[in-house]
Every structure is written in structure tokens, then in C-alpha cells.
1. Can you confirm whether segment A:74-87 contains a residue that is among the hydroxyl-bearing types (Ser, Thr, Tyr), farther than 24 Å from B:Thr5 by Cβ and part of a strand (DSSP E or B)?
2. Among the candidates A:Leu55, A:Leu60, which residue alone is in a loop (DSSP other than H, G, I, E, B) and within 14 Å of chain B (Cβ to nearest Cβ)?
3. So B:Gln38 clears everything in (1) within 14 Å of chain A (Cβ to nearest Cβ); (2) surrounded by fewer than 20 Cβ atoms within 10 Å (Cβ to Cβ) except one condition, right? Which one?
4. Return the pair list, or none, for Cβ contacts closer than 9 Å from residues in segment B:52-66 that are polar (S, T, N, Q) to residues that are part of a loop (DSSP other than H, G, I, E, B), at least 6 apart or on different chains.
5. In segment B:91-102, what count of residues is obtained for those that are surrounded by 18 or more Cβ atoms within 10 Å (Cβ to Cβ) and more than 7 Å from chain A (Cβ to nearest Cβ)?
6. Hey, among the residues in segment A:63-97 that are over 12 Å from A:Phe33 (Cβ atoms) and either within 14 Å of another protein chain (Cβ to nearest Cβ) or in contact with a His (Cβ under 8 Å, 6 or more places away or on another chain) (or both), which one's modelled with the lowest pLDDT?
7. Could you please find all residues in segment A:30-42 being in a loop (DSSP other than H, G, I, E, B) and within 13 Å of another protein chain (Cβ to nearest Cβ)?
8. Which of the residues that make up segment B:73-85 are within 14 Å of chain A (Cβ to nearest Cβ) and either assigned to a loop (DSSP other than H, G, I, E, B) or of a type in the set (Gly, Ala, Ser) (or both)?
Amino acid sequence: GAGVSQSPRYKVAKRGQDVALRCDPISGHVSLFWYQQALGQGPEFLTYFQNEAQLDKSGLPSDRFFAERPEGSVSTLKIQRTQQEDSAVYLCASTIRTGAAAAQYFGPGTRLLVL
Amino acid sequence: EDQVTQSPEALRLQEGESSSLNCSYTVSGLRGLFWYRQDPGKGPEFLFTLYSAGEEKEKERLKATLTKKESFLHITAPKPEDSATYLCAVQGAQKLVFGQGTRLTINP
């Protein structure tokens, strides 16, 4: 079946530009997560949705980062006024159920380069 | 704060040479420990979930084990296609916390 998809796969932005990254989770998956992965590091948690509710946004690095999932399916991560330190791979993951210890299934990621 | 440390950072093996990857963790109330495989340019691919000390799971040439302080990913008679970065993550009360990964290279 179809997995998690993300678009665009690559994004080059000039410093100061706004960007929007899209995530299509596996159909029927209730929970959706965003992660940031720097080169050579493991993914770091950014934010978590259960259906349309954003239950945890403790990992968002600054108020320039904003995520939404208005209809409980597709999610968008928006970064305003991008900075060079925002360059990373942004990963989206989804799980079929709520609660802890559910395996998360990841998309291929969006590689963001800020010049 | 939940923490995960993986060792070694990188490991080179010859095809058929068995070895183990280590994941040491500290977590408040472990709900699950996860192993993922990540190929270059791709997202992490789920391998195993372990829930309690003493649990073991196997898949092809891989076997994951869990104690109260660490997990091991044993790879038996590896093949070049097993080359990848292997990530360990723990789920405590809240978010999933990842280690930095072990980059495994299997030479033919």
C-alpha cells in the first residue's frame, strides 16, 4: 500500500524566504509527527498531531516554525524567514493509533537548503 | 531527560562477519524501544519494537535484544545490502528520542 509521502523532496530557499513542506500520511493513520534531521544525526522531534489537534509542539525551535493539520489528514510545516541553520532534512511520520509505543512510519523527507 | 547513545558511530565488516550494534538509553518509564534502518536519501524504515527487558525479536539476519539499560542489534553473516545507518529510539512518557545512529558498511 501507499506509504507516507512528502513534497517537495528538495527545496532551496534564500535566507529570509518562507517555505511550506507537505506531508501526506498513510490513509487512516491518526497520529502524525514532524522531525528535523541534521547531517549525521538522528531525527529530532518537532511536533505531534492527533487527528487535527496539535498535542505537542515542544520541539519547534522558534516561533518561525508553524505546523498545521486542519482536516486531520495532510499536514504542512511552515518555516517563516528561513535562516541558514534551518538547513536540514524534515521528516514526517504517522502511526495508525494513538498512545505510546506505536511504530512510526516515515516518509522520504524534504531536504531543505537555505542559502 | 530521555537519552539514547549508540556505539560504535561507524562499523566496517566483511561479508559474513557477524557483529553487534549497541544502544544505551536512559528513559523515564520505557514504553517501547525501536530500531530503524536508514538508507542514504531516504526516511527511516521500521525494523523492530521491544517493550520489556528480556524480549528478543528477529528478522532475517537481524536480531534485537533488550535489557533495562541497553539494546543490541545483532547482525549474523551480513551481506552488502545490509549496509545502512541503524537508528535506535526510545519512547518514554512523551516523544520518541533517537540516538545518532551507527553507520554500518559491509564489504563484499
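The values are calculated or read from the model by the stated rules, or taken from the named source; none is laboratory data. Predicted model, so just to flag it, every value in this text is computed and none were measured. Note that each Cβ is placed from the backbone with ideal geometry, even for glycine, and that neighbours are counted across all protein chains shown.
1. yes
2. A:Leu60
3. Only one criterion is unmet by B:Gln38, namely (2).
4. If the second residue must be part of a loop (DSSP other than H, G, I, E, B), the pairs left are B:Ser52/B:Leu30; B:Thr65/B:Gly54; B:Thr65/B:Glu55.
5. Of the residues in segment B:91-102, 3 are surrounded by 18 or more Cβ atoms within 10 Å (Cβ to Cβ) and more than 7 Å from chain A (Cβ to nearest Cβ).
6. The extreme case among them is A:Arg97.
7. Across segment A:30-42, the qualifying residues are A:Ala38, A:Leu39, A:Gly40, A:Gln41, A:Gly42.
8. B:Ala84
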